[in-house]
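Shown next, in structure tokens, is the structure this report addresses.
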Amino acid sequence: MGFFKMLRTPLACAALAAATPYALAAPPAPNPCAASHKGLFYLNDFSYLSKPDYDGNCLGDSLKQLSIADGMFGTLDVGGQFRERYHHEVGMGQSQGAGRFEDTTTNFWLTRLRTYANWQATENVRVFAEGIYADTSTDNGLYTPRPIDVNRGDFLNLFIDAGLTDSLTLRVGRQELLFGAERLISPLDWANTRRTFEGARLLYADGDWTGDAFYTHYVPVDFNNLDEADYQQTFYGCYGTYSGFEAFTVDAYYIGYDNENEGPANGNQDFSIHTVGMRVNGALTENWLFDMEGGPQFGRQSGLGLDHKAMFATCGIGRKLGDVLPWSPTAWLYYDYASGNNLGGSFNRFNQLFPLAHKYFGFIDAVQRSNVEAPNVLITASPTPKCTLLLWYWHFMANQDTDIIPAIGGTPTQSLASKDYGDELDLIAKFGIGPRSSILVGYSHLWRGSKILETTDADFLYSEYTLNF
């Protein structure tokens with residue numbers, strides 16, 4: 001496998017299997033430029049532009065595969081993304097010092113611009129740079145921006161790739177990380193700022209095998225200054241994927257996270273924890289799907305003077321219903337588990353690491369993958385090729401009633417004698433405007449359980465416009 005092809009190879013499968021549109025005739029071939037921009041922009045694929053049968057002209061195509069000095073210095077891709085999102089939040093805090101599930105109402109806008117340049121200098125060397133500007137309105141001063149809302153000019157990616165062999169690449173510099181279903185490691189695209197790291201990686205891809213070994217430091221956002229890596233937070237590990245089975249894919253990984261800071265964060269700091277896990281997902285039959293992931297987490301909590309012993313697990317089974325229902329729906333039944341702290345022994349609350357937390361445990365972001373058990377039902381459908389619908393219903397329970405369920409920013413006051421955290425309904429409709437633009441509308445409601453001691457349920461209404469170029 002050549003070096004350039006290896007850069008385009010995803011390291012793992014997506015979180016959910018996509019429903020195949022049900023039709024009597026074969027659908028028309030999709031516009032290749034609609035799928036050119038990936039979850040990580042350094043994996044973008046513009047190879048369709050060099051195919052003689054491509055006669056399209058999508059926004060930004062003229063800035064891709066630009067020849068530098070008649071090809072003497074390789075090619076250059078330039079582009080980016082503009083995103084605008086509106087939030088109407090009730091009972092979600094961030095207003096005049098009030099917290100979650102208190103009587104608050106806020107309305108605000110989030111604006112984000114990402115731009116990138118990909119210089120393929122030679123077959124074996126490339127330089128990639130990506131910047132971001134993210135800001136928010138403040139609802140006439142009533143809304144207090146979250147830490148993930150604002151970053152007024154910085155680098156998300158700034159690295160060099162060097163091909164060591166046809167199957168092995170060394171990457172050095174600032175870089176976003178994304179593995180598997182993003183349950184543990186993600187750039188967190190929902191955030192207005194995104195998440196990044198700084199360090200070195202070895203990427204391997206050969207046939208059905210891909211692998212990644214990384215040693216990095218977390219880069220926290222300094223919203224008015226250039227971000228700098230926090231060398232007290234070391235994040236490292238290895239992640240491998242085998243896709244040679246006909247109907248399913250296997251991921252296996254080890255992740256280490258050392259935080260030598262002192263003070264509260266996810267309940268504590270000054271820890272060294274290690275997570276070992278496996279994910280298996282794919283198809284049982286033509287219509288039946290499955291997704292399983294989990295593993296133990298162990299280490300030390302030096303700040304607490306305790307050993308760390310925890311675990312997590314996810315088990316899901318899905319059914320494509322396009323053979324019996326219109327709109328090509330797919331239904332999933334999941335059960336998610338992450339251990340909580342059982343008083344009187346080791347520290348048992350699972351640390352969710354750096355996930356795409358917004359995608360799992362409800363879009364109101366009131367639950368982390370920590371001290372939680374959550375049966376949930378997910379249904380997706382496509383009424384038209386340009387419209388997708390999502391319905392997700394969650395029931396949240398504490399794994400240990402004597403421990404809290406941490407929220408993503410602003411954990412509410414909780415009873416230590418109840419497991420019933422509540423129920424949440426999430427609805428999304430996404431509409432394609434063009435090959436590289438879309439509008440998304442969403443609504444979520446969380447009904448409080450007896451574990452939440454505050455007095456207001458939460459509502460979340462939002463809309464989002466995205467344009468890639």
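With n ≥ 4 as the cut-off for DSSP H runs, can you work out [θ] at 222 nm for the chain, using -39500 (n - 2.57) per run divided by the number of residues, rounded to the nearest 500?
0 deg cm²/dmol
Between Leu66 and Tyr335, 0.36 nm times their residue separation minus their Cα-Cα distance comes to what? Don't skip to the answer; put the middle values down first.
On the way: separation 269, 0.36 × 269 = 96.84 nm, distance 4.80 nm.
So the chain would gain 92.0 nm between Leu66 and Tyr335.
How far apart, in nm, are two points set 7 Å out from the Cα along the Cα-to-Cβ line at Asn224 and at Tyr54?
4.4
Tell me, in nm to one decimal, what length is gained between Thr138 and Val125 on full extension, where the rule is 0.36 nm per residue of separation less the Cα-Cα distance?
0.3 nm
Within the range 164-188, list the residues whose amide N lies under 19 Å from a label point set 7 Å along Cα→Cβ of Ala252.
Once the point is set 7 Å along Cα→Cβ of Ala252, 179-181 turn out to lie under 19 Å by backbone N, inside the range 164-188.
So how many Lys-Lys pairs in the chain land under 29 Å Cα to Cα, not counting same-chain pairs under 8 apart?
Within the chain, the lysine pair count is 25.
Pop the C-beta distance of His395 and Tyr465 into the FRET formula with R0 = 35 Å and round what comes out to the nearest 0.05.
With R0 = 35 Å, the Cβ-Cβ based efficiency is 0.60.
On average, how much accessible surface per residue is there in the chain, in Å², for a 1.4 Å probe, leaving out ligands, DNA and RNA?
Using a 1.4 Å probe on heavy atoms only, each residue of the chain averages 43 Å².
Write down, largest first, the equivalent ellipsoid semi-axes of the range 149-215 in whole Å, where each equals the square root of 5 times an eigenvalue of the alpha-carbon gyration tensor.
On the way: eigenvalues 124, 48, 12 Å².
Ellipsoid semi-axes (Å, largest first): 25, 15, 8.
Using only the Cα atoms of the range 412-469, what are the Rg and Dmax in Å?
Considering the range 412-469 through its Cα atoms, Rg and Dmax are 16.9, 52 Å.
What percent do you get for the relative contact order of the chain when only Cα pairs under 8 Å and 6+ apart count?
Once divided by the residue count of the chain, the mean separation gives 13 percent.
Where the accessible area of the chain is counted over protein heavy atoms with a 1.4 Å probe, how much of it, in %, is carbon and sulfur?
The nonpolar share, carbon plus sulfur, comes to 61 percent.
Calculate the FRET efficiency for Glu84 and Met292 from the Cβ-Cβ distance with a Förster distance of 56 Å, rounded to the nearest 0.05.
It comes out at approximately 0.90.
How many nm separate the modelled label positions at Ala35 and Thr413, each set 7 Å beyond the Cα in the direction of the Cβ?
5.2
Less than 9 Å Cβ to Cβ from His217, Lys/Arg counted +1 and Asp/Glu -1: what total charge do the surrounding residues give?
Result for the neighbourhood of His217: -2.
Which entry in (i) 1.15; (ii) 1.05; (iii) 0.98 is this structure's computed Cα Rg over 2.2 N^0.38 Å?
Read-out taken from this structure: (iii).
Expressed as a rounded percentage, what relative contact order does the range 194-318 have, with Cα pairs under 8 Å and six or more residues apart?
For the range 194-318, the relative contact order is 16 percent.
Mind checking the range 340-434 for trypsin sites (Lys or Arg not before Pro) that DSSP puts in a loop (not H, G, I, E or B) and that have at most 13 other Cβ atoms within 10 Å?
Lys386
Hey, what did the range 290-404 get for relative contact order, percent, Cα under 8 Å, at least 6 apart?
For the range 290-404, the relative contact order is 23 percent.
For Asp270, what is the net charge nearby, where nearby means another residue's Cβ is under 11 Å from its Cβ and Lys, Arg count +1, Asp, Glu -1? Please report the intermediate quantities before stating the final value.
On the way: positive: Arg300; negative: Asp258, Glu260, Glu262.
My count for the surroundings of Asp270 gives -2.
The values are calculated or read from the model by the stated rules, or taken from the named source; none is laboratory data. Source: prediction; values computed, not measured. Here the Cβ is made from the backbone with ideal geometry for all residues, glycine too, and neighbour counts use every protein chain on show. These area figures cover heavy atoms from the full protein model, side chains too; ligands, DNA and RNA do not enter into them. Shrake-Rupley method; radii C 1.70, N 1.55, O 1.52, S 1.80 Å.
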